[in-house]
Amino acid sequence: MKSGWIDSEAQAAIDRYARDGIAPDLALRVYTTRLLGRDPKLVLHGGGNTSVKTTMSDLLGEEVAVVCVKGSGSDMATVEPADLPAVRLDRLRKLRTRAALSDEEMVRIQRESLLEPTAPNPSVETLLHAFLPHKFVDHTHASAILSIVDQPDGEAICAELYDGRVGIVPYVMPGFLLAKAAAEIYDAKPVVEGLILHKHGIFSFGDSAREAYERMIALVVLAEERLQKKRKAVFVTTHLPQAIAPVAAVAPILRGACSRKDERIEGAWRRMILEFRTGPAILNFANGAQLARYGQAGVVTPDHTIRTKNWPLLTAPPQRDRTDDFKRALRAAVTAFVQRYEAYFARQNARVGGIKRPLDPLPRVALVPGLGLFGLGRSKKDARIAADLAQCALEIITDAEAIGRFESISEDEMFDMEYWSLEQAKLGAATEKPLVGQIAVITGGAGTIGAATGKAFAAAGAEVALLDVDQPAAEEKAKAIGATALAVKCDVTSPVSVTEAFAQVVEGFGGVDIVVSNAGAAWQGRIGEVEEEVLRKSFEVNFYGHQRVAQAAVKVMLAQGTAGCLLFNVSKQAVNPGANFGPYGLPKAATLLLVRQYAVDYGADGIRANAVNADRIRSGLLTDTFIAERAKARGVSAKDYLTGNLLGREVTAEDVAQAFLHQALELKTTGDVTTVDGGNIAAALR
Ligand SMILES: [Zn+2]
């Protein structure tokens, strides 16, 4: 690790923020906080915090001494001055003489001492920053430091390595008591450049932003160098089957095993989204013969607990072509995981007087020997965070084991952290959208109706994959939907292409819950004269395309065992043929029966099949030229053609998207066709 300080960039930060009236102190605080935040070997996902002591005007225009501390949960890599709320220093320092202070009191006093009443909550480690005298204070959970302190003799190794340059603070949970303990250790030896917090992380400090930052780097470099010395080889690999099942086969089984029926709504499931990672370091760790020891020893730093839980789920190695065995073993492993978590909660809750409410007991990280690791979360974003932290943790544990033996905090300490109200507050209030945890696949995803449907499903909380034969176009639409939306190339006329596309979706999210089979193409021709070839082409897309997609989806849904939803775009042509439109209407009519067949054959598995019968939507299929042609065939203007329905309203792609969304949410409707056409009695279904 090297210092990232560059004089010209530091000056540029001062100049840039000066335009917004921000003083150089705070500008440099932002600059070095970002330098720390951009290195995953120092902090990840909202971990760590920094501060600067300065003076500022309060709302009455009076100058007061303040400490600007990073807000709780904000990310150091992208921090802005507003993310470092100013807190009155004299008020915080008065608290040091107290013998005890509850968390609630601490948060209230911190909020009451804010210069700006609407500022975010300052870090839970604010008092530690306030009690230290230095102008700049930096705190990280550096990987190299953790590999050294997460040892039975971690404090002794640090004492030898740092030789008086740092104070060593025994493990105390973050908050008031840690702030007091750290300040006392500092006061006993004020020449130190930093403090090492046993089994937690490191603080460095200095009179300038550069000094505090570069001391952090120097102290971490010493730890990195120590980790290169006297290493033993880790880990001895366990015996693995010759052929391991692919991610696309394993993920739906894992996802299904880690889902639960939603007790509040009949037919609903609470599902997880997955993020898969692999590589030599992950496999070396996950394939180790002693994984059950070092892989279950606990977190590397306490604030990972809320994202990863205290231990990962360990699975059997998945043997290729024996996925039924894997499924059985995995379900037993998840049950054991849940029982262990519930026993841990009951034991610990009794210790603290029965005041806590249990969190969901399901794993957030799974290690699969031979394959890699999965992060699990209610959204793709949460699954990625869990995977990032797990990947970081296994590297820290690997280094810890290479120089000694990894040891985490005790069970009591873990529980206190996991169920600490201030940590839970970082996760935010849990009002979830209706499709959170669900994965929606939309074919013809780059088209007008497909893209509008993707947008509507994402807005309802689903993770969305847009499948289209035009991959770049799908990519563009996916980008517009959001950072986690997937674009996958898929030609529904090719069985191989459909299989590969579904494998990609499963690798990307872990499975499939909702399919909107929407890809289609239109051919015209008078039925008595049309070439058979034209008819066959249309059947390939407008019937077999739907069948292939539905079949691929059902396979994944059955592996998950958590029901599912198949939605089809069948068009009005399925029930009400237009002149010379047979080549399009015939396969659509067959698809309408296909919907009912899926409803019949898979109702017992909870898989619903419904269709939308839309008409006259401006799209890639019904282009302006095509509209002009159809209007001419009926002897009306283009406008009258589009609004020629009972309501006299043009129907849009967004209307169709809302109908699909509605069907996805109707848990007690299957075999249904919803009409979205402004009213057309000739096309009304009996
Ligand atoms: Zn910390």
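Contact order for the chain, expressed relative to its length and based on alpha carbon pairs under 8 Å spaced 6+ residues apart, stands at 10 percent. Think of the chain as having a plus end and a minus end, set by charges on the Cβ of Lys, Arg, Asp and Glu; of Val79, Gln547, Ala400, Gln547 sits farthest toward the positive end of this dipole.
Rounded to the nearest 500, the 222 nm mean residue ellipticity of the chain from helices alone is -13500 deg cm²/dmol, with -39,500 (n - 2.57) taken per DSSP H run of at least 4 residues. So which trypsin sites (Lys or Arg not before Pro) in the range 209-244 pass both tests, a DSSP loop state and at most 16 other Cβ atoms within 10 Å of the Cβ? Sites meeting the loop and neighbour criteria: Lys229, Lys230, Arg231, Lys232.
For the pair Gln296 and Thr78, label points projected 7 Å from Cα toward Cβ lie 3.8 nm apart. Accessible surface for the chain, divided over its residues, is 42 Å² per residue with a 1.4 Å probe. Among Thr50, Val656, Gln391, pick out the residue whose Cα is farthest towards the positive end of the charge dipole of the chain, where Lys and Arg carry +1 and Asp and Glu carry -1 on C-beta, about the Cα centre. Positive-most Cα among the choices belongs to Val656. Sorting 12-18, 553-559 by their mean Cβ neighbour count within 10 Å, with the most densely packed peptide first, gives 553-559, 12-18.
Here is the list for the range 54-110: trypsin sites (Lys or Arg not before Pro) lying in DSSP coil, each with at most 11 other C-beta atoms within 10 angstrom of its C-beta, are Arg98. Ranking Thr670, Thr562 by solvent-accessible area of protein heavy atoms (1.4 Å probe, all protein chains present), from largest to smallest, gives Thr670, Thr562.
The angle between the Cα long axis of helix 471-481 and the main principal axis of the chain comes to about 60°, on a 0 to 90 degree scale. Please report the spacing between the Cα centers of the range 212-256 and the range 593-644 in Å, no decimals. Using only Cα atoms to place each centre, the spacing works out to 52 Å. The calculated FRET efficiency for the pair Ser102 and Ala188, based on their C-beta separation and a Förster distance of 25 Å, comes to about 0.40. Taking Cα centre as origin and charging only the Cβ of basic (Lys, Arg, +1) and acidic (Asp, Glu, -1) residues, the dipole magnitude of the chain rounds to 1240 debye. As a calculated quantity, the FRET efficiency between Ala628 and Val534 at R0 = 22 Å, using C-beta atoms, amounts to about 0.55. For the chain, the direction-averaged projected area of the alpha-carbon convex hull comes to 35.8 nm².
Pick out, from Ala579, Gly21, Leu95, the residue whose Cα sits farthest towards the positive end of the charge dipole of the chain, with +1 on the Cβ of Lys and Arg and -1 on the Cβ of Asp and Glu. The listed residue farthest towards the positive side: Ala579. Applying 0.36 nm per residue to the separation of Asp321 and Asp207 and subtracting their alpha-carbon distance, the gain on full extension is 34.7 nm. Sort out the exposed loop GluC sites (Glu not before Pro) in the chain (DSSP loop, at most 13 other Cβ within 10 Å) and tell me the longest stretch that has none. Value returned for the longest uninterrupted segment is 63-262. Reported to the nearest whole Å, the Cα centre-to-centre distance from the range 125-166 to the range 651-677 is 58. Between the helical axis of 624-634 and the longest alpha-carbon principal axis of the chain there is an angle of about 30 degrees.
Rounded to the nearest Hz, the phi-derived 3J(HN,Hα) couplings of the range 31-36 under the Karplus curve 6.51 cos²θ - 1.76 cosθ + 1.60 (θ = phi - 60°) are 4, 6, 4, 5, 4, 5, where x marks glycine and proline. Compared with the dominant Cα axis of the chain, that is its longest principal axis, helix 103-112 is turned about 90°.
Out of all DSSP beta bridges in the chain, what portion is antiparallel? Express it as a percent rounded to 5. DSSP beta bridges in the chain are roughly 55 percent antiparallel.
Between Gln597 and Asp7, residue separation times 0.36 nm minus the direct Cα-Cα distance comes to 205.4 nm.
Overall, the accessible surface of the chain at a probe of 1.4 angstrom is composed of carbon and sulfur to the extent of 53 percent.
The values are calculated or read from the model by the stated rules, or taken from the named source; none is laboratory data. The structure displayed is predicted, hence computed values, not measured ones. For neighbour counting, all protein chains shown are included, and Cβ atoms are generated from backbone atoms with ideal geometry for every residue, glycine included. Surface accessibility is based on the protein's heavy atoms, side chains included, excluding ligands, DNA and RNA. Shrake-Rupley method; radii C 1.70, N 1.55, O 1.52, S 1.80 Å.
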